[in-house]
Amino acid sequence: MPATLKPLDVAGFEASVRETYGFDAGLRLGYLFTPNTLGYVLGGYSWQKYKLDTNAGFDFDWDQSGYFVGAGVETAINSNWTIKSEYRYTRFGTNDDLLSDFGVPDGTLNLDTSRHTFQVAANYRFGAQNGGVASFEAPAYNWTGFYVGGAAGAGASVHQIDVPPAGDLEFNGIGGEGVFGELNVGYDHDFGSWVAGVMVDARYSGMTSELEIPGGSINLDTDYGFDVLGRVGMKVNESTLAYVLGGYSWQHFDLNASSPIGDFLDWDSSGFSVGGGLETAMSSNVTVGLEYRYSQFSEKDFSSELGLPDDTLTSTPSFHTVRIGAKYKFN
């Protein structure tokens, strides 16, 4: 399904940018955590077609090429089938001639595009029958117990800006990106084929939305936060868990400008997170995993800080994050 971004909606005028089709060509290199689970990194070339649609009677398309890098976890569920969770970061080259067909000089508008994607997929391996199921056997892992862990990840933040007095002006997709680190504690209980648990984590993030202006820049930082989550998972083999999660999230935001202005507004917001992942045991105490989350936070009204009537200017933040983590379980 093509991705769609609706960055502008004002006074009846709507414009949207869609990813219509594209392809990637790359290589991957992996390490067997267990006889049935592979952890890997990958990278290569990426090409993408984009289209701008409007309701004003004009549209155009263009293409961009660049590179992608990523990582994943793939595990065998029998001799032929594997499932995997995979994250990719894609960066495309700068497009500076987007408006050339309209007689606008090159360099008037520069477009820098990047993309974070997470996928869950199944693969069928041909000619694997001769290997037999026994070739994928691994020691059974008991998930019951308390654990501590850490993770590193990357994410993309999005701020939906609404200005109702300006013809219901809406920017849906003003965003940024960055990396983060995370620590967590939790407890899981093994019910046989299923596992359920709770966890608390805290993170510090470098995800930033930056607006360059003459003489400096304005930054909206998604800096620190925490989550209280529950998860339920199904064992896809003796040592690997596929799971979904959800729960409460809290996040601090900071709006600042380059020197000499510095910080001028910060706030916190509550919301929720949902997601899923794959986690596999490397020993009787250590697991590693790859996980995706979508987080949505409550609306912030900036009107009073600017001396304006309520609901004049609001922002609704959300972000997509992917993390690679390790946990140590106490017996």
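The values are calculated or read from the model by the stated rules, or taken from the named source; none is laboratory data. Just so we're clear, the structure is a prediction, and the values are computed from it rather than from any experiment. Here the Cβ is made from the backbone with ideal geometry for all residues, glycine too, and neighbour counts use every protein chain on show.
Yes/no matrix, rows are residues, columns are (1) in contact (Cβ under 8 Å) with a residue 40 or more places away in the chain; (2) over 29 Å from residue 198 (Cβ atoms):
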{"residue": "209", "(1), (2)": "yes, yes"}
{"residue": "214", "(1), (2)": "no, yes"}
{"residue": "220", "(1), (2)": "yes, yes"}
{"residue": "223", "(1), (2)": "no, no"}
{"residue": "229", "(1), (2)": "yes, no"}
{"residue": "232", "(1), (2)": "no, no"}
{"residue": "239", "(1), (2)": "yes, no"}
{"residue": "242", "(1), (2)": "yes, no"}
{"residue": "245", "(1), (2)": "yes, no"}
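Name the single residue that is nearest to the chain's Cα centre (by Cα) among those in segment 99-113 being surrounded by 13 or more Cβ atoms within 10 Å (Cβ to Cβ) and at pLDDT 70 or above.
For segment 99-113, the residue satisfying everything is 113.
Looking only at residues in segment 269-300 that are surrounded by fewer than 22 Cβ atoms within 10 Å (Cβ to Cβ) and either of a type in the set (A, V, I, L, M) or free of Cβ contacts under 8 Å to residues at least 12 places away in the same chain (or both), which one is nearest to residue 200 (Cα to Cα)?
Only one residue fits best here, namely 274.
So which residues in segment 114-137 are part of a loop (DSSP other than H, G, I, E, B) and at pLDDT below 85?
Across segment 114-137, the qualifying residues are 127, 128, 132, 137.
Select, from 310, 266, 254, the only residue that is in a loop (DSSP other than H, G, I, E, B) and either touching a strand residue (DSSP E or B) at 6+ places or on another chain (Cβ under 7 Å) or crowded, with 17+ Cβ neighbours inside 10 Å (or both).
310
Filter segment 274-307 down to the residues that are modelled with pLDDT under 85, hydroxyl-bearing (Ser, Thr, Tyr) and in contact with a strand residue (DSSP E or B) (Cβ under 8 Å, 6 or more places away or on another chain) and list them by number.
Passing the criteria: only 303.
Between a first residue in segment 304-315 that is without any contact (Cβ under 8 Å) to a residue 12 or more places away in the chain and a second residue that is surrounded by 11 or more Cβ atoms within 10 Å (Cβ to Cβ) and assigned to a strand (DSSP E or B), which pairs have beta carbons less than 9 Å apart while being 6 or more apart in sequence or on different chains?
310/301
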